[in-house]
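Chemist: Got a structure for you, questions after.
The values are calculated or read from the model by the stated rules, or taken from the named source; none is laboratory data. Predicted model only: the values in this text are computed from it and were never measured. Counting neighbours? That spans all protein chains shown, and the Cβs are built from the backbone with ideal geometry, glycine included. These area figures cover heavy atoms from the full protein model, side chains too; ligands, DNA and RNA do not enter into them. Shrake-Rupley method; radii C 1.70, N 1.55, O 1.52, S 1.80 Å.
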Amino acid sequence: MKRVLFVDDEPHVLESLRDALRPWRRELSMTFAANGPTALDELALEPYDAVVSDMRMPGMDGAELLREVQRAQPATVRIVLSGYAEIESVARAATVAHRFLSKPCDVDELVSVIRRSCDINSLVEQDELRDAASGTGRLPSVPRLYSDLTRMMNDPDASTSDAARLVEQDAGMTAKVLQLANSAFFGRTRQVSELDDAISYVGLSTLKALALSADAMEAFQPAFEIEGFSIERLQAHTDLTARIVRRLVTAGCDGDTAVAAALIHDVGILVLASRAPDYLAAVLERAEREDRPLFEIEQDERGFTHADVGAHLLGLWGLPPAIVEAVAYHHRPAAAHGPTMGAITTVHVASVLADESVLKLDMGHLERMGVTDQVARWREIAAAEQEEDR
Ligand SMILES: [Fe+2]
Ligand SMILES: [Fe+2]
C-alpha cells in the first residue's frame, strides 16, 4: 500500500480528488491537507511515499512545501499538480519536484505517475544515486561540469565566454560542442570553429545536457558486460537523435529544450545498466527474442520504462520540467496531452527515426498534431544524418 499526501488550499479540489480516487483506496492510503503547515505536521507523524501538491497556496506555497518535504523526507516522491496559469510558480518548483501534472488532471494518469514514481524510487533505493540526487549524501553522481555550468548560469553577469572557459578544460566536450554546432550547418558553407560561437549557436540548455550525458555515460558504467548493450552504441544513438531533432525543430518548439532532451532521452537505460544490470540484460534478451521494442518489454515486466527512470533522475537533478517531460514521454507522446507539436513530439519522432528498424512512430498521435504530411521529409532528414555517421 502506498501512502500519498494530497495538499491543496481549495476544498473542492481535495473533495473531487477524494471522490475520483475512491476506486484506488485498496492500493493508495490517502491523506488530504488544506495547506503546507498541516501537510508538514502529517509528514512528521508518519512517512509518506508521495506528496502531491498544488502550487499556488496562501502562506507557504507548493515550492516551499516541497522543499521542506525534500529536507525532511528526501525519499518521498514529490509531485506538483497545478493550473495552467501557474507557469511562473511551477518554474520555482523545478528543482524540488519530480513530476509535474496539470489541473484538471486525468486520474488514471495521476495514479500511474504516483505508482511509477514510487516503483522507480524503490528501484534506486539504498544506493548513492538517490542520496546524491536528493542532496543528503555523497555527491559523486551529480555530474560536475553540469553543476559548474548550472552555478555559472545562476550568475546574471555570466556570458557564453564564461561557459566556453569551463568547457575548454575538457577536450572531449569541446569536440562534441563543435561537432554538434557544425552538424546543424549541414549543407552550408560556413563552419563554426570558435568554441564561443559554437556555444551561442547550440544554446545553454543543450550545452548543459551535453555535459550531463557525457558525465552520465561515465558515471553509469555497468559493473559487467551486458549482452546487447553498449555505451558507445547508446551514445551514437543519442547523438544521432539530437542531430535529427536539431533539423526538425520548427516554429512553436523551443529548439534548445528539444535538443537538450534528445541528448539525454535514454539516460534511464544507463541508470538500469549500472543499478540493475541483471534486469536490463533480461529485458534486452526478451526484446531481441520477441523482436519487440525494449520499452514494451519493460512495461510488461515492471510497469515502468527507462523513460520513467530517466525522467525521475533528471527531475531529482533539477532539470527544467519541459526537458523532463520530453524524456518521460519519448515513447508515448500521446500520454503527455500536449496541444501542439512541441519538444515532446519532436524528441519522439527523432528517436524513432534514428532507429526505425525496432521502433515505430505513433501515427495516431502525429495525425492529431496534423503533421503526418511531414513524415516523408523527416525520414529523408534522418537518412541524411545517418549517412553522416557512415
Ligand atoms: Fe528510449
Ligand atoms: Fe532512444
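Chemist: Given R₀ = 41 Å, FRET efficiency for E27-N154 by Cβ-Cβ distance, to 0.05?
Modeler: Efficiency computed from Cβ-Cβ geometry: 0.50.
Chemist: Full-extension gain between Q221 and S193, please, as 0.36 nm times their residue separation minus the C-alpha to C-alpha distance. Numbers along the way, then the final one.
Modeler: Numbers: separation 28, 0.36 × 28 = 10.08 nm, distance 3.16 nm.
My answer for the length gained is 6.9 nm.
Chemist: Considering the Cα positions of the chain, please state its Rg to one decimal place and its Dmax as a whole number of Å.
Modeler: Radius of gyration, then largest Cα-Cα span, for the chain: 20.9, 66 Å.
Chemist: Can I ask one more? Could you report the chain's accessible area per residue, 1.4 Å probe, as an integer in Å²?
Modeler: 45
Chemist: While we're on this one: Taking the dipole about the Cα centre of region 240-377, with the C-beta of Lys and Arg at +1 and of Asp and Glu at -1, give me whichever of G268, L240, A282 is farthest to the positive side.
Modeler: The residue sitting most towards the positive pole is L240.
Chemist: Sticking with this structure for a sec: Are there GluC sites (Glu not before Pro) in region 196-249 that DSSP marks as loop and that have at most 11 other Cβ atoms within 10 Å, and which are they? Could the numbers behind the result be given before it?
Modeler: Numbers: sites: E218, E225, E227, E232; in loops: E225, E227.
Those that pass, being in a loop and sparsely packed, are E225, E227.
Chemist: Please give the calculated 222 nm ellipticity per residue for the chain, where each DSSP H segment of at least 4 residues contributes -39500 (n - 2.57) and the sum is spread over every residue; nearest 500 deg cm²/dmol?
Modeler: Values: 21 runs with 229 residues, N = 390.
After summing the helix terms and dividing by residue count, I get -17500 deg cm²/dmol.
Chemist: Choose one answer from A223, A236, A343: the residue with the largest mean-square fluctuation in a GNM of the chain with alpha-carbon springs under 10 Å.
Modeler: A223
Chemist: Once you mark the chymotrypsin sites (Phe, Trp or Tyr not before Pro) that are in a DSSP loop and have at most 13 other Cβ atoms within 10 Å, what is the longest gap between them in the chain?
Modeler: The longest uninterrupted stretch comes out as 1-184.
Chemist: Can you tell me the order of 101-107, 193-199 when each peptide is scored by its average per-residue count of other Cβ atoms within 10 angstrom, highest first?
Modeler: Result, highest mean first: 193-199, 101-107.
Chemist: Leaving out ligands, DNA and RNA, what percent of the accessible area of the chain is carbon and sulfur, probe 1.4 Å?
Modeler: 49
Chemist: With the crude spin-label approximation of a point 7 Å out along Cα→Cβ, what separation in nm comes out for M363 versus D170?
Modeler: 4.1
Chemist: Could you sort 286-294, 268-276, 109-117 so that the peptide with the highest average Cβ count within 10 Å comes first and the rest follow in order?
Modeler: Numbers: 286-294: 14.2, 268-276: 22.8, 109-117: 19.8.
Most protected by this proxy first, the peptides run 268-276, 109-117, 286-294.
Chemist: Say each of E387 and N182 gets a label point 7 Å from the Cα, pointing the same way as Cα to Cβ; how far apart are those two points in nm?
Modeler: Going from the E387 label point to the N182 one covers 1.9 nm.
Chemist: For the chain, give the magnitude of the charge dipole about the Cα centre (Cβ charges: +1 Lys/Arg, -1 Asp/Glu; no others), in debye to the nearest 20.
Modeler: Once rounded to the nearest 20, the dipole reads 260 debye.
Chemist: How much FRET efficiency would the formula 1/(1 + (r/R0)^6) give for D373 and E296, where r is the Cβ-Cβ distance and R0 is 25 Å, rounded to 0.05?
Modeler: Between D373 and E296 the formula returns 0.35.
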